[in-house]
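The values are calculated or read from the model by the stated rules, or taken from the named source; none is laboratory data. Values in this document were obtained by computation on a predicted structure and should not be read as measured data. In this analysis, Cβ positions are derived from the backbone assuming ideal geometry, glycine residues included, and neighbour counts consider all displayed protein chains.
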Amino acid sequence: EDNELRLVPGDELRLRYSGGTSHPAWQSVGHVIKLTAQEEVALELRASQGVPVELNHGFSVDFVWKSTSFDRMQGAMKTFAVDETSVSGYIYHHLLGHEVEHQIIRNTLPRRFGAPGLPELNASQVLAVKSVLQKPVSLIQGPPGTGKTVTSAAIVYHMAKQGQGQVLVCAPSNVAVDQLAEKISSTGLKVVRLCAKSREAVSSPVEHLTLHYQVRHLDNSEKSEMHKLQQLKDEQGELSSSDEKKYKALKRATEREILQSADVICCTCVGAGDPRLSNFRFRQVLIDESTQATEPECLIPLVLGVKQVVLVGDHCQLGPVIMCKKAARAGLAQSLFERLVILGVKPFRLQVQYRMHPCLSEFPSNCFYEGTLQNGVTVNERQSSGIDFPWPVPNRPMFFYVQMGVEEISASGTSYLNRTEAANVEKIVTTFLRSGVVPSQIGVITPYEGQRAYIVNYMSRNGSLRQQLYKEIE
């Protein structure tokens, strides 16, 4: 059954054995490195001495709350407050809402604002890149499908070519960082994707760019010694204390060498507080999806010496997810991007959307963007041929379906579900599947985990088509 407590790679667990006749009491903390389809969990323990490997029952498992991200946010706020070298004076006063004299960064602008390996930029994207390169603080508002990632990659490319040192690129989520790292890498810049150590075993679409991958595949004399020790560790599970010390020193030196040789370092906002970056300074920082990050989260990459910052996002879309209502009311739910907009910083808006059918973009354009959103795709490019679906208005593939079902508390007691809504979701999905839409082209979005779990189970149990088809729908 799909319940609401979900284990993901990187989660910390405490494994305990209470003790018995064959083995004394034992406990150790580790992080999840792999989850198999058979529901087996692979755990890498911090301390492997005295593990009761001969036992296969009598253990208990606890979730361990990780304070790393909160420690780094608090550390960044303190650094911002007391260390005047952490950010430039202009940015410091700008972020605090003080009156500051307008500044322009004087440098030679490129002849063309696109970048190799990226699609040609449209007029609003070109203006955004040009504007950003001349300002210490910039906001770029990217409505849905307007090419934020391509624009961000072009900005980073030109920043890296200015010779002001390495550019730090962040986002609150790993998915966003991976997408941006891939786009920036396609311009020919040397990109290193820094992952949390607890996520190194998680497969990534940009595996070849990750620091841990490059460490394993670097070719020099020091590396061969480190590689031998790594093999020994993989085979034996642990090294002697002297070998472990040597291995860690070699690995640290190799990581530093790779990071120093990069043009661009990409990581999550919290990842910017990684000890491996503690001696690095970044004059130029770009934060994507900044409207989904809390303000303290955004500060982590900014307090590493920033003199030019670009925040990319859209305050008209979802903001940071704050579970604590008290913290949200106190202001934590407002992103730095949105606060700067309220303070009068005008964001540069990208204006051409390439994602959706023009009839779908019409609503957000009029409701949120004063009718300024233009379409870079035609009706014909977004018309699915051969799909027989009873749209209320045949040439407008959209409708609002109001449900009168009763909302219930889910089994966990912490979420909601609506049975009527789930039944109607199944009917619509089945109609799409019957008309030739493949499961990978269907997405169902719900704000509640309880409803998500219920819909998954309901479609598998009650769908009139093959169960496997419903399982392939995201």
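Listed here are the residues, each with its yes/no results for (1) assigned to a loop (DSSP other than H, G, I, E, B); (2) assigned by TED's automatic domain parsing to the domain that holds PRO136; (3) touching a residue at least 24 places away in the same chain (Cβ under 8 Å).
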residue: ILE300; (1), (2), (3): no, yes, yes
residue: HIS315; (1), (2), (3): yes, yes, yes
residue: ILE322; (1), (2), (3): yes, yes, yes
residue: LYS326; (1), (2), (3): no, yes, no
residue: GLN334; (1), (2), (3): yes, yes, yes
residue: GLU338; (1), (2), (3): no, yes, yes
residue: VAL341; (1), (2), (3): no, yes, yes
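When each of PHE400, PHE348 is tested for being loosely packed, with under 13 Cβ neighbours inside 10 Å and of a type in the set (Phe, Trp, Tyr), the lone residue that passes is PHE400.
Against the list (1) surrounded by 10 or more Cβ atoms within 10 Å (Cβ to Cβ); (2) of a type outside the set (Asp, Glu); (3) at pLDDT 90 or above; (4) within 30 Å of GLN125 (Cβ to Cβ), the condition GLY443 fails is (1). Of all residues in region 140-165, none that is assigned by TED's automatic domain parsing to the domain that holds CYS367 has its Cβ atom under 7 Å from the Cβ atom of a residue that is in a loop (DSSP other than H, G, I, E, B) and of a type in the set (Lys, Arg), 6 or more apart or on another chain.
What about VAL167, is it closer than 22 Å to LEU121 by Cα, buried (at least 18 other Cβ atoms within 10 Å of the Cβ) and either in contact with a Phe, Trp or Tyr (Cβ under 9 Å, 6 or more places away or on another chain) or among the polar types (S, T, N, Q) (or both)? Spelling it out, VAL167 is indeed closer than 22 Å to LEU121 by Cα, buried (at least 18 other Cβ atoms within 10 Å of the Cβ) and either in contact with a Phe, Trp or Tyr (Cβ under 9 Å, 6 or more places away or on another chain) or among the polar types (S, T, N, Q) (or both).
The single condition from (1) aliphatic (A, V, I, L, M); (2) touching a strand residue (DSSP E or B) at 6+ places or on another chain (Cβ under 9 Å); (3) farther than 30 Å from ALA128 by Cβ that VAL303 fails is (3).
One residue stands out in region 271-298 among those that are of a type in the set (Ser, Thr, Tyr) and touching a residue at least 24 places away in the same chain (Cβ under 8 Å): the one that is farthest from GLY331 (Cα to Cα), namely SER290.
Would you mention how many residues in region 355-392 are of a type outside the set (Val, Ile, Thr), touching a Ser or Thr at 6+ places or on another chain (Cβ under 9 Å) and under 16 Å from GLN141 (Cβ atoms)? Of the residues in region 355-392, 5 are of a type outside the set (Val, Ile, Thr), touching a Ser or Thr at 6+ places or on another chain (Cβ under 9 Å) and under 16 Å from GLN141 (Cβ atoms). Taking region 417-436 as the range and being assigned to a helix (DSSP H, G or I), of a type in the set (Ser, Thr, Tyr) and more than 12 Å from MET459 (Cβ to Cβ) as the test, the residues that pass are THR420, THR431.
Could you tell me whether GLU297 is farther than 20 Å from ARG72 by Cβ and out of contact with any strand residue (DSSP E or B) (no Cβ under 7 Å at 6 or more places or on another chain)? Criteria not met by GLU297. Here PRO390 passes the criteria (1) surrounded by 10 or more Cβ atoms within 10 Å (Cβ to Cβ); (2) within 21 Å of GLY463 (Cβ to Cβ) except the one numbered (1). Scanning region 404-425 for residues that are surrounded by fewer than 13 Cβ atoms within 10 Å (Cβ to Cβ), more than 30 Å from the chain's Cα centre (by Cα) and under 30 Å from CYS324 (Cβ atoms) returns a single hit, VAL406.
Within region 397-406, is even one residue closer than 27 Å to SER290 by Cα and of a type outside the set (S, T, N, Q)? There is no residue in region 397-406 that is closer than 27 Å to SER290 by Cα and of a type outside the set (S, T, N, Q).
Scanning region 437-474 for residues that are closer than 24 Å to MET356 by Cα and in a loop (DSSP other than H, G, I, E, B) turns up VAL437, VAL438, ILE442, GLY443, VAL444, ILE445, THR446, PRO447, GLU472, ILE473, GLU474.
So that you can scan it fast, the table gives a plain yes or no per residue for (1) outside the structural domain of CYS298 (by TED's automatic domain parsing); (2) surrounded by 14 or more Cβ atoms within 10 Å (Cβ to Cβ); (3) in contact (Cβ under 8 Å) with a residue 12 or more places away in the chain:
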site	(1), (2), (3)
LEU55	yes, no, yes
GLY58	yes, no, yes
MET73	no, yes, yes
MET77	no, yes, yes
PHE80	no, yes, yes
ASP83	no, no, yes
SER86	no, yes, yes
TYR90	no, yes, yes
HIS94	no, yes, yes
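Among ILE455, ILE473, ILE428, which is β-branched (Val, Ile, Thr) and either surrounded by fewer than 17 Cβ atoms within 10 Å (Cβ to Cβ) or at positive phi (or both)? After applying the criteria, what remains is ILE428. Restricting attention to region 271-282, which residues are farther than 19 Å from ASP83 by Cα and crowded, with 19+ Cβ neighbours inside 10 Å? Hit for region 271-282 is GLY271, nothing else.
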